[in-house]
Every structure is written in structure tokens, then in C-alpha cells.
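Below is one structure, written out as C-alpha cells; the observations come after it.
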Amino acid sequence: MDRDSWERVREVVASIPAGSVLAYGDVAAQAGLPGRARLVGRILAEDGHDLPWHRVLRADGTPAPHLATEQLTRLRVEGVLAHNGRVPMRRYRGGGCRPQ
């Protein structure tokens, strides 16, 4: 993984506005890394503490199980409401960001 790609992922995540979410795959596509959703997860796990990591979800709108409580709480504060532990992606996806 080159540093430029790493930084592009960080930039995409940093640009997700409050009240919006993207899927890991959306972030990867916007960063020019289509099909690399797992890489986005790795980058956030290793170097995402200063980013709005909570705005990145699985494609089905669910959070990572080990982060679910904190992630859904942070999203709720921003007005993103989950139903049965799942964020309706059609409603909250994007904001100012759109997958390429």
C-alpha cells in the first residue's frame, strides 16, 4: 500500500459530513481503490483515530460488531438513526460525498 493511496482514503473519510455515512466500498471507490473495502477498514483501524471513522459502515448499514454501541451512539448524536442496529443507507449515504 503506497502512502498516496493511504492518504486518499483518509481524505475521503475526513470529507464525510456530519449526518451522513458511506460504506467501506464507497470510500475505497472515491479514493481510487475500487474493490478494496477491506483495506479501508484496515486503514481506519490503524490510522483513523483522528477521523470521523464512525461515519463508515458496512454496505448493509451495519457497524462492525466490536464498535457497534459507540458507532451508533456517535451517529445518533449527528442525527443518523439506526433501526434494529442498521442505518438505512439510502437515506443517509453521501451528503456531500458520492461514490464514483
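The values are calculated or read from the model by the stated rules, or taken from the named source; none is laboratory data. No experiment lies behind these values; they were computed from the predicted model shown. We place every Cβ from the backbone using ideal geometry, glycine too, and count neighbours over all the protein chains shown.
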Checklist entry - For segment 1-24, what are the residues that are surrounded by 14 or more Cβ atoms within 10 Å (Cβ to Cβ), outside any helix (DSSP H, G or I) and among the aliphatic types (A, V, I, L, M)? => result 16, 21, 22, 23
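Can residue 72 be described as surrounded by 14 or more Cβ atoms within 10 Å (Cβ to Cβ) and either outside any loop (DSSP other than H, G, I, E, B) or among the acidic types (Asp, Glu) (or both)?
Numbers: surrounded by 14 or more Cβ atoms within 10 Å (Cβ to Cβ): yes; either outside any loop (DSSP other than H, G, I, E, B) or among the acidic types (Asp, Glu) (or both): yes.
So residue 72 fits the description; yes.
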Checklist entry - Restricting to segment 25-53, what's the tally of residues that are assigned to a helix (DSSP H, G or I) and surrounded by 23 or more Cβ atoms within 10 Å (Cβ to Cβ)? => result 5
Checklist entry - Across segment 1-33, which residue is modelled with the lowest pLDDT among those that are in contact with a helix residue (DSSP H, G or I) (Cβ under 9 Å, 6 or more places away or on another chain), of a type outside the set (Gly, Ala, Ser) and more than 22 Å from residue 92 (Cβ to Cβ)? => result 1
